[in-house]
Structure formats: structure tokens, C-alpha cells
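Chemist: Got a structure here, written out as C-alpha cells. Questions coming.
What follows is calculated from the coordinates using simple rules that are stated; it is not laboratory data. Only a predicted model underlies this, so the values are computations on that prediction, with no experimental measurement involved. Cβ placement follows ideal geometry from the backbone for every residue including glycine, while neighbour counts extend to all protein chains displayed.
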Amino acid sequence: MNWASFWPNIGEIALAFALATALFTIVTAVIGEKQKKWRMVQVAERSLYTTMFLILIAAGILLYCLLTDNFLVRYVYGYSNTAMPIIYKCTALWGGQDGSLLFWVMIAAIFGSLATFTHRESDKALIPYAMATFGFIISFFLILLLFSDNPFRLFPQAPPDGRGLNPLLQNPSMAIHPPSLYLGYVGMTVPFAFAMSALISNRLDSRWIVATRIWLLISWFFLSVGNLLGAQWAYVELGWGGFWAWDPVENAAIMPWFTASAFLHSVMIQEKRGMLKFWNMNLIVISFCLTILGTFLTRSGIVQSVHSFARSEIGYYFVAFLIVVVLFSAFWIYKRRNELKSENIFESFLSKESAFVLNNIVLVGIAFIILWCTLFPTASEVIIGTRIIVGPPFFNKMLAPFALLLLVLTGIGPLIGWRKASGSSMKFHFLWPLICGLVAAGGTLLLRVTHWYVVVTIFGAAFVLVTIITEFVRGTLARMIQHQESWGTALIKSTFKNNRKYGGYIVHLGIVLILIGVAGTAYKEVYEFELTPGQTATIKEYTIHFKDFDTKKNANQEETYAVLDLYVGNQYRTTVRPARFYYFQPEQPTTEVDLYSRVKEDVYFTIGQVDPATGKTTIHMTLNPLISLLWFGGLVLVFGSLIAMLPPLRSQKKK
């Protein structure tokens, strides 16, 4: 028996059966709900679990083919070779279009099954149509895999070796970054499925919100981690000294993050005041559609990006799917428009409700601007025949005011009360944050930092920081008085008893630190100089001594390092080793970064041209002020997200 072809054939058969069971899930779930036959709904549930199991088999077989160098499979040939380390053979599972689609539908099946299993008793009324929605989404991707981008297509005869994974993707962070984004993207299917179920079944109380909150938080968390890791990958791997280039695929990854953030804020108004029901339903649909749009942009070839897959006819499938989703959602939202009316009205502009609405407008506005600027080059080419490029400076100029407004709103929200805030309470709550913000901005100007964006960011950061500290202090003091607890115990217990609130504050703190790190890029400095081994260069307070070259040859690539001793003043700090890697298969050089990180700034090194005869080497050095706060802020954001996702700490009743 030819095992090289046997296992891929089994994988393809598993996908075909998975499509059949996914379609069966849709039919039995809908009929079971319509006829109120719970046994049939249970059959649909088991059918969904079977679909997940079959897709896991298919994904496992493709991974097995990658690990065993089965080059009879076209996908394995295109994205792996014998010399690649095992870790990158594993990451090749999502390194190409066919495999990434299989990975996408695998996560969708897992999420759908977990959500069904978790809520099958507590949200029995919502489960049938939610399962039908899961089945519909999974069926679409299985159709793509079977009829357009089949990862199990075979060659007539196996080539001796594969082409290998793109060298830029052979980076440890790529083992975490794409899966994180996929988890964030696919996680949106759960809130969307429950939202559709609530609309179709006309069960539009707050229950669907409660059921989907944790899933949206999980999706938002992984989108955050994925985008942060993507920025880190761009920073340390691409060698350009930046972390976000407003690339179309980067934009596609961050747009649903903004709309999901808007939902997480506005849903509190629905829970507290019974308002914004219509708006929240639309936000869920928009967030899901943006994940599909992002998947489409990555694979259709309509936008130009270093991250996108090869141009493919698959884009037409995604357009059709997106149109169906939009029309179906719009129909049911319009049909239930009366049931989605708010139970209360806004009583004052000076209220928490108004602050949250303004926050939503800013977040959705940012997503819309990013979407429009991303699609504008393609739209201009279609309309006038000329592709007008929208570069990073335009994005930065357009979005900077929105980011600063969002920063200030982050501090206003916690301080202002529900319904209507009085003048005296506004003065009491806002006085010290405003004073601290003005003092911080004044101190920034005294340090001769005059860039308007940096000054306003420092003002907003100090304002928000004081509000966050104030909220933690209030909660801690109240608990210390009520329960006679120590400061540390009261802080921890008050945080974990109201973890959504305080986890959100920690997330806000992380965003403040990220924005300070971004503001520091206004003062980025780039230097370029040439050295031969033994020579020294001095840039500002830094002295760079070029010791020598170091070379290393691996099975997959040849590595050339420039060994540089770095001094701050006259004090030796570290040795950095920026490098050039030359990959044999595919034949491609890459620039490898090394850096010395301080709180004040990163000293970032790459090497360019090397003269083999003299050893003269072009060295690029970039000073990135405050960039470490961006990465630290990302860690704080992740920590706050984890706290917000935990179940609240319950009080122990005294016997």
C-alpha cells in the first residue's frame, strides 16, 4: 500500500464527511427547534461534535504529512522541506493558504462545540439556532477546502524535496502570533451565533449578552495578543526599526479589535440601563463581518501586502459569503427592530452613558477610517485606473486625534456617574486628574519635548493614571473599613470580587503605556555608518566597536553576524550581534536584528551591505525612545484581560 497517498486521501474523506455532518447539524437543529423536538436538537449537537472530530482528524493528517516530509502532497512541498526544524514544519500548518483555512475551520469547530457543550443546559433556548449558525459557517469553509483550496492535493510523483516556508515566517513568534489571531478571528463566531439565535428566536433579553460575554472577551484577548505579537515580530524580524506599517493585512487584524472593544463598553449600558440594544446587535455583526473581511483581504489578492497569500479565485467565495451574512443579519435586525428599542433614554450629556457612546463612536470611527484607507488604493484603481497609495503618514495624521480623544475618554468614563452627573461631583472627581495632567504636560514642555502629540499624550496619560489609581484606592479603602482587612488583602479581594471593573482598569493602564510608547516614535532617530572590524564609531552617548564577524552554517541557512561591543559613555554595556541569514531553500536573504533595550530607549542594530574583500560593513542604528513601554503596556493589557475573564471571587458566608 502507498502510505504517502493513503493518509492524504483519508484526510480529504474526513473533510467530505465533515461537510455532510455540518449540513446535517443545520437541518436537524432548525427542525428540532421548529417542531420543539429536543431529541432532534440533541442529535444536532452530536453531529456538531462529530464534525469537530472529523476536522481534527484532517488537520492531524496534514500535520503528520508535514512532519514526515510527504512531498507527494502539494501543500507540504510548497511550505516545508527536509532541512526545516520541526517547529517550523508545525507552523507550516498555517503558513500557507490551504493549511490556514483548515486551521481556521478547525478552531471554528472547536469553539462551536465548546460553546454548545458549555451552554446546552443554561441557554437551552438559544442553542438550536446557534448550532445551525456554527454549522453554516463551518460548512462554508469546508466547501472552500474541498472545492477550491484542498490541502490534500497530490502530485503524480513526489519531488525529492520541498520549497520550504518563507524565511520571514521562520521565527519563533510565528508559532504563537498567527494562532492567536486565528483564535481571535474565529472566536467572533460564538457571539455572532448567539446573536443570530437571539434574533431568530426573538429571545432578546440580556441572556444572550450574558452567554456571549466570556466568548467575546476570549476573542478580544487573543486578538490583542495576536496584534501585539505581530507588532513585536515586525519590530525584531523585518529590520526596519518600526512595529506597525499600516499594512492592509495588519489593518485587517486590528479592525475587529476596535469594534469588539466598542461592544465590550456599550454592552454595559444595555445591562445597566436597557439601552443600545440595536447598536450592540449591529456591533456584533460588524465585528464578525470584519473578521471575514480580514480573511478575504489576506487571500483575495485585491490588496498589496507582504503578509498576504498568493492571489486566488477564493476571493469570490468570500464576497458571496459576506453578502449572505450581511443580508441575513440585516433582515433579522430590521425584523426585530421594535424589540431592540431602548428601555430608557439619555437623561444628560454629562453621564456615563454619554461617555460610553462617545467612546463607541471614536472606536468605530477608527475602524471605519482604517477600513476606508485600506481599500482606497483598490477603489481608486477601479474608478480612475490609477492606484493611489495611502501610506503610514496619512494613517498617523488621520488617527492621532482619535487616539488622543480615546485616551482622555478612558479617564472620563470611570469618574462620571450614571444618568446625570452634578456639577459638584464633576468638580470633585475631575479636579486632581486635571491638575496632574497639566503638571505632567508642563513638565514635558520644560524638558523641551514640544511635539504636540507627545505633550497631549502625556497630559492624557497622567489624567487617566490618576483616575485609575483613585478607583483602586477607593475600592481598597472601602473594603478595609468594611471588613477590617489589611491594605494588600483588601486590594486583592476588591479587585477579584469585581474583576470585570478592575480588570478593565488594568487594561486601560496597559493602553496608556502603549500610547506613551507610540508617542515616543515621534523622536525616533536613524543613523547609518560604515565600519570594518577593529573600527569604532560614536553616536551621541553611544560608542560602537566592531570586533569581528562570526559565521555559522546550519542545514537550512548560513548565518553571518557582525559582533559589536556597545558602550554608554565609557562604560561597556553589552555585545550585540545583528546578522544576515541566507536561506538555501527558498533562496532568500533576511536581515536579523539585535538590540540593547533601556527604559529610556532601544538601541536597535541591523547590518546592510558587506564588502567581502575589505570587510567594510554598513551598519544601521536606530534609537527608539520609550518603545519598551509599548511592550510592557502590552503585558499589562494582557494581564488585565485575564483578570477580567476570571469568574468573580465569591464571599465566604460566615457560619
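Chemist: Would you mind computing, in nm to one decimal, how far apart the modelled labels at residue 68 and residue 42 are, each placed 7 Å from Cα along Cα→Cβ?
Modeler: Output for this residue pair reads 3.9 nm.
Chemist: Using only the alpha-carbon atoms of the chain as identical scatterers, what base-10 log of I(q)/I(0) does the Debye formula give at q = 0.08 Å⁻¹?
Modeler: So the normalised log intensities are -0.69.
Chemist: Checking the cross-link filter: which aspartates and glutamates have an alpha carbon closer than 12 Å to that of residue 501, excluding same-chain neighbours under 8 positions apart?
Modeler: 471
Chemist: Given the pairs 277/497; 397/524; 540/600; 420/497; 272/341; 272/497, which are separated by over 20 angstrom at their Cα positions? Intermediate values should be presented prior to the final figure.
Modeler: Numbers: 277/497 27 Å; 397/524 17 Å; 540/600 14 Å; 420/497 27 Å; 272/341 15 Å; 272/497 18 Å.
With Cα atoms farther than 20 Å apart: 277/497; 420/497.
Chemist: How big, in percent, is the set of alpha carbon pairs in region 523-629 lying more than 18 Å apart?
Modeler: Values: 2735 of 5671 pairs.
For region 523-629, the fraction of Cα-Cα distances above 18 Å is 48 percent.
Chemist: Still on this structure, I have one more. Between residue 214 and residue 527, what is the label-point separation in nm under the 7 Å Cα-to-beta-carbon projection?
Modeler: 5.4 nm
Chemist: Using the Karplus equation 6.51 cos²θ - 1.76 cosθ + 1.60 (θ = phi - 60°), what ³J(HN,Hα) coupling, rounded to whole Hz, does each residue of region 66-77 give in order, writing x for Gly and Pro?
Modeler: Rounded to whole hertz, the list is 5, 5, 9, 6, 7, 6, 5, 7, 4, 5, 5, 4.
Chemist: If you stretched the chain out fully between residue 146 and residue 538, how much longer would it get, using 0.36 nm times the residue separation minus the C-alpha to C-alpha distance? Write down the numbers at each step before the final one.
Modeler: On the way: separation 392, 0.36 × 392 = 141.12 nm, distance 5.99 nm.
Value of the extension gain: 135.1 nm.
Chemist: If you don't mind, another one. I'd like the FRET efficiency for residue 90 and residue 326, computed as 1/(1 + (r/R0)^6) with the beta carbon distance as r and R0 of 45 Å, rounded to 0.05.
Modeler: Working: r = 36 Å, r/R0 = 0.80.
The formula returns an efficiency of 0.80 here.
Chemist: Quick check: residue separation of residue 438 and residue 632 times 0.36 nm, minus the Cα distance between them. What number comes out in nm? Provide the component values of the computation, followed by the final result.
Modeler: Values: separation 194, 0.36 × 194 = 69.84 nm, distance 2.47 nm.
Result: 67.4 nm gained on full extension.
Chemist: Further question on the same structure: For region 360-510, would you read off the P(r) tail past 29 Å as a percentage of all alpha carbon pairs? Walk me through the numbers before you get to the answer.
Modeler: Values: 4232 of 11325 pairs.
Percentage above 29 Å: 37.
Chemist: Could you give the dipole magnitude of the chain about its Cα centre, charging the beta-carbon of Lys and Arg +1 and that of Asp and Glu -1, in debye to the nearest 20?
Modeler: On the way: 51 positive and 37 negative charges, 632 e Å.
Dipole size: approximately 3040 debye.
Chemist: What value in Å³ per residue do you get for the convex hull of the alpha-carbon atoms in region 176-237?
Modeler: Numbers: hull volume 3.6 nm³, N = 62.
Normalising the Cα hull of region 176-237 by residue number yields 59 Å³.
Chemist: In what order do 3, 244 fall by count of nearby beta-carbon atoms within 10 Å, going from fewest to most? Please list the in-between numbers first.
Modeler: Values: 3 10, 244 19.
Ascending number of Cβ neighbours within 10 Å: 3, 244.
Chemist: Work out the FRET efficiency for residue 577 and residue 319 from their Cβ-Cβ distance, taking R0 = 45 Å, and round it to the nearest 0.05.
Modeler: Numbers: r = 47 Å, r/R0 = 1.05.
After rounding to 0.05, the efficiency reads 0.45.
Chemist: From the helices alone, meaning DSSP H stretches of at least four residues, give me the mean residue ellipticity at 222 nm for the chain, per-run term -39500 (n - 2.57), in deg cm²/dmol to the nearest 500. Intermediate results must be reported in sequence, preceding the final value.
Modeler: Working: 19 runs with 410 residues, N = 655.
Here the helix-only value at 222 nm equals -22000 deg cm²/dmol.
Chemist: Hey, what do the phi angles of region 31-36 turn into as Karplus ³J(HN,Hα) couplings, whole Hz, using 6.51/-1.76/1.60 and θ = phi - 60°, x for Gly and Pro?
Modeler: For region 31-36, the Karplus-derived couplings read 5, x, 6, 4, 8, 6 Hz, x marking Gly and Pro.
Chemist: I would also like to ask the following. In nm², what is the average projected area of the convex hull enclosing the Cα atoms of region 141-269?
Modeler: Convex hull of Cα atoms, orientation-averaged projection: 11.4 nm².
Chemist: If I model a spin label as a point 7 Å beyond the Cα along the Cα-Cβ vector, how far apart are those points for residue 483 and residue 205 in nm?
Modeler: For residue 483 paired with residue 205, the spin-label model returns 3.1 nm.
Chemist: Please give the contour-minus-distance gain from residue 372 to residue 474: 0.36 nm per residue of separation, less the Cα-Cα distance, rounded to one decimal in nm. Don't skip to the end; give the middle numbers.
Modeler: Details: separation 102, 0.36 × 102 = 36.72 nm, distance 4.27 nm.
Full extension of this stretch gives 32.4 nm more.
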